[in-house]
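The values are calculated or read from the model by the stated rules, or taken from the named source; none is laboratory data. As the structure is a computational prediction, the values presented were derived from the model and not from experiment. In this analysis, Cβ positions are derived from the backbone assuming ideal geometry, glycine residues included, and neighbour counts consider all displayed protein chains.
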Amino acid sequence: MTDIAEVKHVVVTGKQRMTPSEAFIETLVAQGVKNVFGIVGSAYMDALDLFPAAGIRFIPTVHEQGSAHMADGYFRSTGRHGVCIGQNGPGITNFVTAIAAAYWAHSAVVAITPEAGSMSTGLGGFQETDQLPIFSKITKYQAHVNNAARMAELTARAFDRAILEMGPTQLNIPRDFFYGEIECEIPQPIRIERGPGGSASLDAAADALAQARFPVIIAGGGVTMANGVEACIALAEALDAPVCNSYLHNDTFPAKHRLACGPLGYHGSKAAMKVLARADVVLALGSRLGPFGVLPQYGMDYWPANAKLIQVDADARVLGLVKKTSITVNGDAREAALALAARLKARQLASAVNREERMAAVKSEKETWAKELAGWDHETDAWSLEVAKGSKYMHPRQMLRELEKAMPEDAMVSTDIGNICQIANSYLKFNRPRSMFGAMMFGNCGYAFPTMIGCKVGAPDRSAIAFVGDGAWGMSFGEIMTCVREKIPVTAVVFNNQQWGAEKKNHVDFYSNRFLGVNLENPSFAGIAKAMGAEGVVVDKVADVGEAFRQACKQQKEGKTTIVELMCTRELGDPFRRDALKKPARMLEKYKRYV
Ligand SMILES: Cc1ncc(C[n+]2csc(CCOP(=O)(O)OP(=O)(O)O)c2C)c(N)n1
Ligand SMILES: [Mg+2]
């Protein structure tokens, strides 16, 4: 067996005779692929056989959903393609949820989907399903290898398009097409250099910023994807403009910077919202301003409807899509920030006049929010007070604060979908990019843990931490086996409040506490972790959280995966979807009680 570390990534050049499996593998090598997540299957075994010799590590997972989430995490922590592969039929349908999640995380994941053999299509043979329609709405591009001779060409295109279109692509390969003999050349990767946007729109944006009396920047995920944090800092400093992170992108601007106001959106920073509300010009840099991320929060409709909105995004389709724009720039976030800073250099800035006053306002809003958060020990609605009374477990907010205090400087944190994970948004602060990996807008429970495993493969020297609720943990803890088997050490922090809390909150707020399917009787998750070969620790006192968490992160250096099970009260923070629920109305007699 070839040692992967010894293999050099050398690609064959010129037209040559080879097998389609070789063409496939050599194209992966040409695209720089070093890790592929998946579950073994006969459909692609002829190609799989060559992985070690090609210097590609195959990382076997527990479930194909895990493979695709890991590919997503790998992309998000590195900026390099995440790749997953599986058996035709059920192995591929198991990808669906995770590919949909990658779609809304804008992750360049290549889902390699071997298909039933071309000679049996339509006959209803083993593991056959039409694999293209299933992914048609959750991929940016679908390549179907319709002839073995096109293996390299179409494989390369799936990789090129994933980066070009900033999202998942599918490479669908009838399984018989791995065999045979073809003549082909391995295509070199095509990477398009992205520019700052049109000069007229940049001029207009610079004018608006120069005339702004209270400019505010929203730093979106595009800033990280463009490696543009430094450029964003330079532009913010040139304008002395406060910066808000877009929802779940708390890593697009350093939290310790004097101009940083924190994240917008659900359980975000009130300081960010109040500062944004004062803006007369908003620069949304690398953000699609997704509707869920700009909803009113804390009873505050903070969006400055009368401000001029300059939106910069590399994807022209999102410009002006959600919020009314005054100026749209179709450009790379980093390049656009540099171009705007250059244009503003010699200009008189209207905002310089009231600089002191603005900086004082920003500072004061930040202090007010920090103070409010520091004093916010538990939820105060009637139901939360009732269930927390006499509980021997921890108030989630106090526990989250301890985690914040003990957070390693090099942390990467993924967050799942759930009430406590969402509250964590207030307590997650980062000073470097590629540090926060929320479940983004597909919002599937079970995202955080496998995604963080992929992040750790991409960035093995960083502390890898997944925040997961107990319900979501039930969906995803199987991948502990991947951590143990493949020696990928991760820390999972499991918030055990014995309930599907986020949904229970809707029962409380809208359905008169008629609880159905929301209470969880859990086994010992720490015990399960130990039985699976990982470390497990249970904490039920706030004073012990920091030490247990620190220890778990430290153990990553020794190759150990640790599950930190944190026992919480059943209190619940502000709900997710107040915007999308209505008080129930019933018309039929038999249902009249259900209001
Ligand atoms: C795959 C999937 N199924 C169902 C949901 C609906 N859902 C959203 S939040 C939530 C509850 C999460 O519970 P838990 O993970 O225990 O976290 P908690 O809210 O208790 O903090 C559910 C079921 C979802 N988002 N994703
Ligand atoms: Mg829960």
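Listing for the model above:
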item: Given (1) of a type in the set (D, E, K, R); (2) under 27 Å from Phe75 (Cα atoms); (3) more than 16 Å from ligand 1 (Cβ to nearest atom), index of the condition Asp470 fails; result: (3)
item: Answer from Gly546, Gly573, Gly527, Gly559 - the residue that is buried (at least 22 other Cβ atoms within 10 Å of the Cβ) and among the small types (Gly, Ala, Ser); result: Gly573
item: Any hit, the stretch 576-592, residues being modelled with pLDDT of 95 or more, of a type in the set (Asp, Glu) and within 16 Å of ligand 2 (Cβ to nearest atom); result: no
item: Subset of the stretch 46-72 (residues that are assigned to a helix (DSSP H, G or I) and in contact with a strand residue (DSSP E or B) (Cβ under 6 Å, 6 or more places away or on another chain)); result: Phe51, Ser67, Ala68, Met70, Ala71, Asp72
item: Val494 of a type outside the set (Asp, Glu), out of contact with any Leu (no Cβ under 8 Å at 6 or more places or on another chain), within 13 Å of ligand 2 (Cβ to nearest atom) and closer than 17 Å to Ala424 by Cβ; result: no
item: Enumeration of residues in the stretch 501-526 that are within 13 Å of ligand 2 (Cβ to nearest atom) and either in contact (Cβ under 8 Å) with a residue 60 or more places away in the chain or part of a strand (DSSP E or B) (or both); result: Gly501, Ala502, Lys504, Lys505, Asn519
item: From Ile480, Ile453, Ile465, residue being away from ligand 2 (no atom under 16 Å from the Cβ), within 17 Å of Ala534 (Cα to Cα), of a type in the set (A, V, I, L, M) and in contact with a His (Cβ under 9 Å, 6 or more places away or on another chain); result: Ile453
item: Exclusive hit being within 19 Å of the chain's Cα centre (by Cα) and either surrounded by fewer than 21 Cβ atoms within 10 Å (Cβ to Cβ) or assigned to a helix (DSSP H, G or I) (or both), set Ala102, Ala149, Ala111; result: Ala102
item: Residue match in the stretch 117-134 (condition: surrounded by 23 or more Cβ atoms within 10 Å (Cβ to Cβ), in a helix (DSSP H, G or I) and not aliphatic (A, V, I, L, M)); result: yes
item: Ala314 vs. criteria in a helix (DSSP H, G or I), in contact with a helix residue (DSSP H, G or I) (Cβ under 9 Å, 6 or more places away or on another chain) and of a type outside the set (S, T, N, Q); result: no
item: Arg80 of a type in the set (Lys, Arg), within 21 Å of Asp251 (Cβ to Cβ) and in contact with a Ser or Thr (Cβ under 7 Å, 6 or more places away or on another chain); result: no
item: Subset tally (residues that are out of contact with any helix residue (DSSP H, G or I) (no Cβ under 9 Å at 6 or more places or on another chain) and not in a loop (DSSP other than H, G, I, E, B)) for the stretch 292-311; result: 2
item: Matching entry among Arg593, Arg577, Arg570 (being within 12 Å of ligand 1 (Cβ to nearest atom), on the phi < 0 side of the Ramachandran plot and touching a Lys or Arg at 6+ places or on another chain (Cβ under 9 Å)); result: Arg570
item: Top-ranked residue of the stretch 565-595 - restricted to ones that are assigned to a helix (DSSP H, G or I) and free of Cβ contacts under 8 Å to residues at least 12 places away in the same chain, ranked as farthest from the chain's Cα centre (by Cα); result: Glu589
item: Restricting the stretch 408-424 to residues that are touching a residue at least 60 places away in the same chain (Cβ under 8 Å) and away from ligand 2 (no atom under 16 Å from the Cβ), the residue that is farthest from Pro263 (Cα to Cα); result: Pro408
item: Count of the stretch 468-477 residues which are within 9 Å of ligand 2 (Cβ to nearest atom) and either farther than 15 Å from Cys445 by Cα or surrounded by fewer than 23 Cβ atoms within 10 Å (Cβ to Cβ) (or both); result: 0
item: Matching residues in the stretch 164-203 - criterion: being in contact with a Pro (Cβ under 8 Å, 6 or more places away or on another chain), at negative phi and part of a loop (DSSP other than H, G, I, E, B); result: Tyr179
item: Segments classed as strands (runs of 3 or more DSSP E), wholly inside the stretch 392-482, with at least 2 members that are more than 20 Å from Asn497 (Cβ to Cβ), modelled with pLDDT of 95 or more and within 16 Å of the chain's Cα centre (by Cα); result: 411-415, 436-438
item: The stretch 316-329, residues that are over 23 Å from the mean Cα position of the chain (by Cα) and either touching a residue at least 60 places away in the same chain (Cβ under 8 Å) or within 19 Å of Glu165 (Cβ to Cβ) (or both); result: Ser326, Ile327, Thr328, Val329
